[in-house]
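All remarks here apply to the structure that follows.
The values are calculated or read from the model by the stated rules, or taken from the named source; none is laboratory data. No experiment lies behind these values; they were computed from the predicted model shown. FYI the Cβ positions are ideal-geometry reconstructions off the backbone, even for glycines, and counts take in every protein chain you see.
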Amino acid sequence: MRISVQSDDFDIAAEIDLLKNKRTDLGAIATFTGLVRDIHGEKDIKKMTLEHFPAMAEKELAKIGTEASDRWPLQGLTIIHRYGELYPGDQIVLVITTSHHREAAFNAAQFIMDWLKTDAPFWKKEETEDGTHWVDAKRDDDKKKDSWG
Amino acid sequence: MRISVQSDDFDIAAEIDLLKNKRTDLGAIATFTGLVRDIHGEKDIKKMTLEHFPAMAEKELAKIGTEASDRWPLQGLTIIHRYGELYPGDQIVLVITTSHHREAAFNAAQFIMDWLKTDAPFWKKEETEDGTHWVDAKRDDDKKKDSWG
Amino acid sequence: MNILYFARIREHIGKSSEEITLPERVTTVADVIEHLETLGDNYKNAFAEPDLLRAAVNDEYVPLDYNVSNTDELALFPPMTGG
Amino acid sequence: MNILYFARIREHIGKSSEEITLPERVTTVADVIEHLETLGDNYKNAFAEPDLLRAAVNDEYVPLDYNVSNTDELALFPPMTGG
């Protein structure tokens with residue numbers, strides 16, 4: 001399991017290669033990338049600042065990854081989350097799961113994203129022409145997490 | 001929607017870049033890659049040959065992509081399926097979906113893979129030390145497709 | 001009628017396509033298959049498991065009771081295993 | 001007790017951490033927050049919406065009725081919005 005909390009950008013292809021590493025026993029690779037969108041509601045986003053709790057961030061991501069590994073037979077797993085100042089189009093988060101079977105890879109990746117939204121200590125602040133504001137947590141995200149039981 | 005049936009390998013990063021193409025309005029990118037595994041059951045796979053029905057293959061993949069686009073609000077979609085002689089570790093199939101929201105991207109990619117398994121005219125033949133044999137279709141795959149309603 | 005064969009069915013029959021003139025009583029895909037089975041053991045073996053048979057007419061999937069004529073192109077193949 | 005503040009709560013209070021000596025009657029996280037609210041309007045505003053408050057003690061998430069002591073490190077923050 002590779003977990004990284006970093007301000008630098010990440011390279012999806014390089015991360016997939018790290019997991020593959022010449023292995024020939026992988027059947028399925030699922031990836032998810034979250035990006036900064038240029039609009040929230042009706043307002044143009046100029047910048048997004050991601051604050052995080054350094055002492056807990058990697059630890060909580062590792063817990064989520066371990067939980068996913070307990071639920072599905074994964075062959076490999078990567079979770080990368082960025083912090084700092086980001087701009088529309090920038091990558092925020094990457095999840096990669098590999099498994100013999102596609103269902104395990106898909107479900108584990110979706111599970112990790114749903115848990116990460118509510119359990120990983122990151123906070124988004126958006127800058128628009130009206131100033132900056134903290135993004136509100138969505139009640140819907142709690143439901144998505146809870147739907148996994 | 002980009003659909004390709006090809007014998008050549010594909011490059012995930014290049015395919016993601018084609019979809020992104022400097023856009024700043026994408027929120028989520030999900031990808032799925034299917035690979036040739038080195039073992040099926042208890043036998044070592046030496047080679048896998050993918051036969052396809054050229055007149056129907058791209059058309060059926062496009063139908064599946066259109067069905068996914070009707071069900072979820074996608075911003076972009078790529079489906080690539082290879083044919084010909086492949087070896088353990090080789091990439092077989094790639095699905096990329098982009099959307100404002102992660103749930104749409106995940107569900108559409110999983111839906112496309114489930115439909116593709118039963119509806120895309122490709123047939124796998126495996127070569128082991130015991131000779132070659134055609135891979136049997138899995139009843140489970142029909143169930144997965146039907147589960148989408 | 002032009003008929004295409006794929007995968008296991010192609011291998012059993014020993015060719016990937018052929019031109020067949022349909023007898024008059026033949027109206028459905030199932031009738032065509034029944035006719036083909038009179039042409040030899042290789043055909044009988046190819047169609048021995050009807051559950052493992054799929055068909056397309058003019059590049060569209062069809063059920064086995066679909067009506068066909070001599071001007072159609074019929075493709076016969078086992079369930080798909082791509083992905 | 002060392003207290004860390006994040007995001008909206010950090011901005012309301014105007015600092016990212018501080019050392020507070022807990023009064024004797026304080027036993028839970030909720031008690032700490034009640035005590036902090038006596039320190040000024042900036043604290044009151046930070047904790048105005050209890051539904052939007054989360055806590056961790058020694059880097060583990062805890063409920064607001066969790067017992068704390070002066071040797072613990074408490075972190076207070078709004079619901080997470082990463083990903």
A careful count of residues in the range B:76-108 that are in a strand (DSSP E or B), at the interface with chain A (Cβ under 10 Å from one of its Cβ atoms) and more than 15 Å from the chain's Cα centre (by Cα) gives 1
task: State yes or no: is A:Ala57 within 30 Å of A:Thr128 (Cβ to Cβ), more than 7 Å from every other protein chain (Cβ to nearest Cβ) and either at pLDDT 95 or above or exposed (fewer than 14 other Cβ atoms within 10 Å of the Cβ) (or both)?
output: yes
Of B:Gly34, B:Gly27, B:Gly41, the only residue that is more than 12 Å from the chain's Cα centre (by Cα), facing chain A (nearest Cβ under 8 Å) and either farther than 30 Å from A:Phe10 by Cβ or among the small types (Gly, Ala, Ser) (or both) is B:Gly27
Quick count over the range D:15-30, residues being more than 13 Å from D:Ile3 (Cβ to Cβ) and either in contact with a Phe, Trp or Tyr (Cβ under 9 Å, 6 or more places away or on another chain) or assigned to a helix (DSSP H, G or I) (or both), is 2
Within the range A:128-144, of all residues that are more than 8 Å from every other protein chain (Cβ to nearest Cβ) and among the acidic types (Asp, Glu), the one nearest to the chain's Cα centre (by Cα) is A:Asp141
Checklist entry - Looking at the range D:45-56, is at least one residue free of Cβ contacts under 8 Å to residues at least 40 places away in the same chain, within 14 Å of chain A (Cβ to nearest Cβ) and at positive phi? => result no
Practice item. Kindly check whether there is at least one residue in the range A:6-17 that is surrounded by 14 or more Cβ atoms within 10 Å (Cβ to Cβ), more than 8 Å from chain B (Cβ to nearest Cβ), not hydrophobic (A, V, I, L, M, F, W, C) and not in a strand (DSSP E or B). Key: yes
The number of residues in the range C:43-59 that are among the polar types (S, T, N, Q) and closer than 18 Å to C:Ala75 by Cβ is 1
Condition met for B:Glu67 (within 16 Å of B:Thr118 (Cα to Cα), within 13 Å of the chain's Cα centre (by Cα), more than 14 Å from chain A (Cβ to nearest Cβ) and in a helix (DSSP H, G or I)): no
Going through the range B:114-127 in order, the residues found to be crowded, with 24+ Cβ neighbours inside 10 Å, among the hydrophobic types (A, V, I, L, M, F, W, C) and under 10 Å from the mean Cα position of the chain (by Cα) are B:Leu116, B:Ala120
